[in-house]
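The values are calculated or read from the model by the stated rules, or taken from the named source; none is laboratory data. Remember, it's a predicted structure, so these values are computed and weren't measured experimentally. All Cβ positions, glycine included, derive from the backbone under ideal geometry; neighbour counts span all protein chains shown. Accessible surface is based on the protein model in full, side chains and every heavy atom, while ligands, DNA and RNA are left aside. Shrake-Rupley method; radii C 1.70, N 1.55, O 1.52, S 1.80 Å.
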Amino acid sequence: MAARTLASLADVPVDTLAAVRAHRGVRGAPPGAEALAVVGIETVLDLLTHYPRRYVDRTVTEGIGDLVEGADAAVLATVRHVTSRRTRAGRALVEIDVFDGRGYLKCTFFNQAWRARQLPVGTEAVFSGKVERFKGRMQMTNPLVDLIGDRTGRIVAIYPESEKAGLSSADLADMVAEALVVAGDVVDPLPDDLRAAHGFAGRGWALRQTHFPDTMADAYAGRRRLGFDELLRLQLVLVLRKRQLERTASGIRHVVDGPLVERWLAGLPYELTGAQRRAIDEIRSDLAAAHPMHRLLQGDVGAGKTLVAVAALLTAVDGGHQGALMAPTEVLAEQHAAGVGALLDGLKVPAAAGTLFAERPLEVRLLTNRTGAAERRRLLAALAEGSIDVLIGTHALLTESVAFADLGVVVIDEQHRFGVEQRAALRDKGDGTAMPDVLVMTATPIPRTAAMTVFGDLDTTVLDELPPGRTPITTTWARGPLEEAAAWERVRAEVATGRQAYVVCPLVEGSEKVQARSAAEEVERLAASELAGLRLGLLHGQLPAPEKEAVMAAFRARQLDVLVATTVIEVGVDVPNATVMVILDADRFGIAQLHQLRGRVGRGAAQSWCYLLGEGLSADGEARLGAVASTTDGFALAEADLELRGEGTILGTRQKGATDLKLASLRRHKKTVQLARDVAFALVDADPGLAHHPLLVADIAALVDDDDREYLFKS
């Protein structure tokens with residue numbers, strides 16, 4: 001069969017394999033398209049990239065007689081006896097005796113009646129699980145079962161099976177063999193010299209060895225090459241986007257040594273950290289360049305990102321332009337408006353050179369969906385004629401009616417909550433002749449390898465210092481009644497000294513399906529029990545906007561002692577007088593959320609405490625709570641989160657195709673991530689539109705839409 005690209009197989013439906021199966025003389029009908037669709041397989045490419053999850057070396061097998069009690073093991077054996085019955089409690093119980101030629105092993109399955117149908121006498125399979133001893137016999141309880149058919153004397157690939165689809169590992173292996181016939185001699189998009197320099201196998205060989213390896217070393221070599229390909233595809237898209245923006249987009253050469261920023265910095269009542277100074281210098285260098293800035297600013301909770309962002313916005317104003325700051329929620333937008341307004345209070349905008357106008361007060365305004373119609377009309381008119389210097393808001397900034405006179409710098413907070421399209425919509429509100437500079441911020445630290453993959457088209461600045469005077473937060477995982485009682489005592493003691501506290505619940509109202517404490521119920525319970533006599537307020541996302549603002553205003557004004565809330569306070573809420581955070585049912589939150597919530601306290605010089613209330617009902621839950629209790633380092637927690645949850649949760653939906661990492665791992669293959677990025681830069685810088693690498697263009701075309709494709713591959 002003729003050679004073809006791997007990407008072209010995305011257009012070949014799996015139904016095509018029926019003819020190949022008949023030609024090979026394989027008996028039995030292949031699984032239908034409907035069954036394959038259950039596991040996400042619709043094309044030949046889907047099938048070839050449905051990789052084995054592990055391998056069984058049938059040339060060297062582990063015998064049942066060699067099993068050790070308490071160890072995890074996998075044995076290849078044949079079913080000799082099957083019984084199926086119901087226990088007194090009504091549960092299905094299937095017991096199977098398997099034999100490997102040297103010994104017997106008992107496999108017991110609870111609530112899996114279908115195993116009796118799957119494993120009739122004579123079935124050969126791999127049984128994997130923890131070895132136990134029961135009544136003198138070795139056994140496994142609810143082991144994993146891999147049906148492998150009659151493939152003997154070789155290394156067998158074990159595929160993820162799907163009982164729902166009726167697919168076994170043997171079924172999938174047969175179909176992959178047929179898919180490889182259709183694929184033929186897959187052409188390799190990597191240049192020969194690059195492949196040789198880094199010791200990569202050819203793609204066609206790698207594909208065959210990944211599915212049908214001759215040796216275990218060959219299997220790993222094949223997976224290494226295909227995993228690199230996954231990472232290179234993503235990095236090429238990101239690097240192409242970055243370089244095209246630098247080459248083709250016209251930016252604003254901002255005045256970076258104007259008087260406004262220097263006057264503001266000189267008037268601050270505290271010294272900047274070294275990290276803040278470095279960040280401001282990097283941003284100024286970007287703003288002075290002819291191409292638009294596209295930079296990610298990430299830092300831990302409390303690292304001072306807002307101050308750096310304000311310096312960028314003031315640089316725009318210094319040159320006669322406007323700035324915009326977009327936040328994902330009204331609470332955060334209002335918090336930014338209050339915080340930025342306080343930072344810039346009393347600051348005057350210098351008169352433009354050559355004009356008769358005197359300096360004027362710098363104008364900062366807030367626009368959200370709850371801004372009244374009359375006020376909105378006045379605000380939009382002022383914005384369009386240029387008398388508003390900095391506009392802060394939510395998604396409301398994206399509406400067509402919002403028109404800037406001369407937008408120079410855009411800051412987007414909590415970038416992960418916005419899509420690429422929303423960011424582009426705000427950037428496009430420039431005057432049409434020059435693109436505004438964009439600074440995106442995140443208070444959710446991202447491991448370096450993930451940042452290179454998720455935000456690879458952005459330059460990255462990291463704030464890795466906390467301002468002086470911050471006292472570390474003492475975090476306690478309260479697992480029982482005595483420790484919970486200590487948490488409430490701490491709240492009462494801090495309130496008695498004039499401080500305030502937060503109590504965070506996972507739900508707004510109670511749920512019969514979820515056993516978790518709700519904010520609405522908990523505020524009433526606490527007012528009648530542990531926190532009786534204190535002034536309690538309730539805040540959650542379902543409250544009308546005026547009520548939310550009134551509650552937050554009362555808390556900031558110290559008219560409330562304790563704020564009982566949902567995760568609506570996760571980001572942006574800044575009340576330095578609050579020193580205690582109590583998180584209920586903490587095992588229901590992720591690591592990043594817990595860290596963000598904890599960051600609502602410890603925002604002043606006073607000692608602060610965070611209490612995590614929850615049992616940790618699962619191994620992952622225990623690991624999350626243990627990690628958060630052990631450190632306040634957001635970057636260390638981000639690494640722990642990546643290890644626990646995998647890259648999908650960090651990659652999210654920002655980069656199309658990013659969650660298609662099937663073999664590559666950001667946490668296990670850090671050197672390969674860096675290599676893919678280095679190779680992508682080398683290829684694109686030598687050949688900007690990849691005109692001399694049409695096979696690479698075909699390889700990554702599926703990751704971009706038509707408009708993006710035309711833009712990225714311009715040389």
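For segment 311-349, give me each residue that is over 21 Å from residue 359 (Cα atoms) and in a loop (DSSP other than H, G, I, E, B).
Scanning segment 311-349 gives 327, 328, 329.
Being open to solvent by 10 Å² or more (accessible area, probe 1.4 Å), under 30 Å from residue 606 (Cβ atoms) and either at pLDDT 90 or above or basic (Lys, Arg) (or both) is true for just one of 444, 476, 471, 461. Which residue is that? Break it down stepwise before answering.
On the way: 444 fails: either at pLDDT 90 or above or basic (Lys, Arg) (or both); 471 fails: either at pLDDT 90 or above or basic (Lys, Arg) (or both); 461 fails: open to solvent by 10 Å² or more (accessible area, probe 1.4 Å).
Selected residue: 476, the only one of 444, 476, 471, 461 that is open to solvent by 10 Å² or more (accessible area, probe 1.4 Å), under 30 Å from residue 606 (Cβ atoms) and either at pLDDT 90 or above or basic (Lys, Arg) (or both).
Scan segment 531-546 for residues that are more than 11 Å from residue 503 (Cα to Cα), within 37 Å of the chain's Cα centre (by Cα) and open to solvent by 40 Å² or more (accessible area, probe 1.4 Å) and jot them down.
541, 542, 544, 546
For segment 265-280, name all the residues that are more than 34 Å from the chain's Cα centre (by Cα) and assigned to a loop (DSSP other than H, G, I, E, B).
Let us first name the residues in segment 265-280 that are more than 34 Å from the chain's Cα centre (by Cα), namely 265-270.
Passing the criteria: 267, 268, 269, 270.
For segment 385-405, what are the residues that are assigned to a loop (DSSP other than H, G, I, E, B), touching a residue at least 12 places away in the same chain (Cβ under 8 Å) and open to solvent by 40 Å² or more (accessible area, probe 1.4 Å)? Steps first, please.
Of the residues in segment 385-405, the ones assigned to a loop (DSSP other than H, G, I, E, B) are 386-389, 394, 399-405.
Checking the rest, the ones that are also touching a residue at least 12 places away in the same chain (Cβ under 8 Å) come to 386-389, 394, 401-405.
Those that are assigned to a loop (DSSP other than H, G, I, E, B), touching a residue at least 12 places away in the same chain (Cβ under 8 Å) and open to solvent by 40 Å² or more (accessible area, probe 1.4 Å): 387, 401, 403, 405.
Hey, any hits in segment 338-347 for a residue that's surrounded by fewer than 19 Cβ atoms within 10 Å (Cβ to Cβ) and closer than 30 Å to residue 433 by Cβ?
Looking through segment 338-347, at least one residue is surrounded by fewer than 19 Cβ atoms within 10 Å (Cβ to Cβ) and closer than 30 Å to residue 433 by Cβ.
Taking only pairs six or more apart or across chains, which ones have beta-carbon atoms under 6 Å, a first residue in segment 358-373 that is closer than 23 Å to residue 346 by Cβ, and a second residue that is assigned to a loop (DSSP other than H, G, I, E, B) and acidic (Asp, Glu)?
Within 6 Å, the pairs are 362/389; 363/389.
Look through 621, 652, 689, 646 and report the one residue that is surrounded by 16 or more Cβ atoms within 10 Å (Cβ to Cβ), at pLDDT below 90 and not hydroxyl-bearing (Ser, Thr, Tyr).
Result of the check over 621, 652, 689, 646: 621.
Could you please tell me which pairs satisfy a Cβ distance under 8 Å, a separation of 6+ or placement on different chains, a first residue in segment 457-483 that is more than 21 Å from residue 295 (Cα to Cα), and a second residue that is among the hydrophobic types (A, V, I, L, M, F, W, C) and assigned to a loop (DSSP other than H, G, I, E, B)?
Sorted first by the residue in segment 457-483, then by its partner, the pairs are 467/303; 469/605; 470/605; 471/605; 471/606; 473/601.
How do the helices (runs of 4 or more DSSP H) wholly within segment 157-264 filter down when requiring 3 or more residues that are touching a residue at least 12 places away in the same chain (Cβ under 8 Å), hydrophobic (A, V, I, L, M, F, W, C) and under 14 Å from residue 48 (Cβ atoms): which remain?
Ranges flagged: 169-183, 203-211.
Hey, could you check segment 406-429 for residues that are surrounded by fewer than 20 Cβ atoms within 10 Å (Cβ to Cβ) and either at positive phi or part of a loop (DSSP other than H, G, I, E, B) (or both) and say which is modelled with the lowest pLDDT?
Among them, the one singled out is 419.
Which members of segment 292-310 meet the condition of being under 21 Å from residue 603 (Cα atoms) and not in a loop (DSSP other than H, G, I, E, B)?
297, 298, 299, 305, 306, 307, 308, 309, 310
Answer yes or no as to whether residue 227 is under 30 Å from the mean Cα position of the chain (by Cα), buried (at least 18 other Cβ atoms within 10 Å of the Cβ) and among the small types (Gly, Ala, Ser). I'd like the intermediate steps shown before the answer.
Numbers: under 30 Å from the mean Cα position of the chain (by Cα): yes; buried (at least 18 other Cβ atoms within 10 Å of the Cβ): yes; among the small types (Gly, Ala, Ser): yes.
When the stated conditions are applied, residue 227 passes them.
State whether one or more residues within segment 594-609 are under 24 Å from residue 622 (Cβ atoms), among the aromatic types (Phe, Trp, Tyr) and surrounded by fewer than 23 Cβ atoms within 10 Å (Cβ to Cβ).
Looking through segment 594-609, at least one residue is under 24 Å from residue 622 (Cβ atoms), among the aromatic types (Phe, Trp, Tyr) and surrounded by fewer than 23 Cβ atoms within 10 Å (Cβ to Cβ).
Within segment 32-124, which helices (runs of 4 or more DSSP H) (wholly inside it) include 2 or more residues that are in contact with a Lys or Arg (Cβ under 6 Å, 6 or more places away or on another chain)?
It comes to none.
Evaluate the following for residue 638: is it open to solvent by less than 20 Å² (accessible area, probe 1.4 Å) and modelled with pLDDT under 85? Before the answer, list the steps.
On the way: open to solvent by less than 20 Å² (accessible area, probe 1.4 Å): yes; modelled with pLDDT under 85: yes.
For residue 638, the condition - open to solvent by less than 20 Å² (accessible area, probe 1.4 Å) and modelled with pLDDT under 85 - is met.
Could you please find all residues in segment 665-698 being polar (S, T, N, Q), assigned to a helix (DSSP H, G or I) and out of contact with any Phe, Trp or Tyr (no Cβ under 7 Å at 6 or more places or on another chain)? If you could, list the steps in order and put the result at the bottom.
From segment 665-698, those polar (S, T, N, Q) are 665, 672, 674; that's our starting set.
Next, from what is left, pick out any that are assigned to a helix (DSSP H, G or I): 672, 674.
Listed by number, the list holds a single entry, 674.
Please state which one of 565, 487 is in contact (Cβ under 8 Å) with a residue 24 or more places away in the chain, more than 27 Å from the chain's Cα centre (by Cα) and open to solvent by less than 20 Å² (accessible area, probe 1.4 Å).
Being in contact (Cβ under 8 Å) with a residue 24 or more places away in the chain, more than 27 Å from the chain's Cα centre (by Cα) and open to solvent by less than 20 Å² (accessible area, probe 1.4 Å) holds for just one of 565, 487, which is 487.
Here are 2, 29: which of them is farther than 23 Å from residue 222 by Cα, open to solvent by 50 Å² or more (accessible area, probe 1.4 Å) and either modelled with pLDDT of 85 or more or not polar (S, T, N, Q) (or both)?
Details: 2 fails: farther than 23 Å from residue 222 by Cα.
Testing whether each residue is farther than 23 Å from residue 222 by Cα, open to solvent by 50 Å² or more (accessible area, probe 1.4 Å) and either modelled with pLDDT of 85 or more or not polar (S, T, N, Q) (or both) leaves just 29.
It is to be established whether one or more residues within segment 616-624 are of a type in the set (A, V, I, L, M), over 22 Å from residue 303 (Cα atoms), out of contact with any Ser or Thr (no Cβ under 9 Å at 6 or more places or on another chain) and touching a residue at least 60 places away in the same chain (Cβ under 8 Å). Walk me through it before giving the result.
Initial filter on segment 616-624 (of a type in the set (A, V, I, L, M)): 617, 619, 623.
Then drop every residue that is not over 22 Å from residue 303 (Cα atoms), which leaves 617, 619, 623.
Right, trim to out of contact with any Ser or Thr (no Cβ under 9 Å at 6 or more places or on another chain) and you get 617, 619, 623.
From what is left, the residues that are touching a residue at least 60 places away in the same chain (Cβ under 8 Å) are none.
So far as segment 616-624 goes, no, none of its residues is of a type in the set (A, V, I, L, M), over 22 Å from residue 303 (Cα atoms), out of contact with any Ser or Thr (no Cβ under 9 Å at 6 or more places or on another chain) and touching a residue at least 60 places away in the same chain (Cβ under 8 Å).
If I filter segment 290-340 down to residues being among the charged types (D, E, K, R) and touching a Ser or Thr at 6+ places or on another chain (Cβ under 7 Å), which single residue comes out as modelled with the lowest pLDDT?
Selected residue: 330.
State whether the residues of segment 355-366 include one that is surrounded by fewer than 20 Cβ atoms within 10 Å (Cβ to Cβ), modelled with pLDDT under 90, of a type in the set (Val, Ile, Thr) and within 32 Å of the chain's Cα centre (by Cα).
Scanning segment 355-366, I find no residue that is surrounded by fewer than 20 Cβ atoms within 10 Å (Cβ to Cβ), modelled with pLDDT under 90, of a type in the set (Val, Ile, Thr) and within 32 Å of the chain's Cα centre (by Cα), so the answer is no.
Only one of these conditions is not met by residue 702: (1) closer than 28 Å to residue 187 by Cα; (2) at pLDDT 85 or above. Which number is it?
(2)
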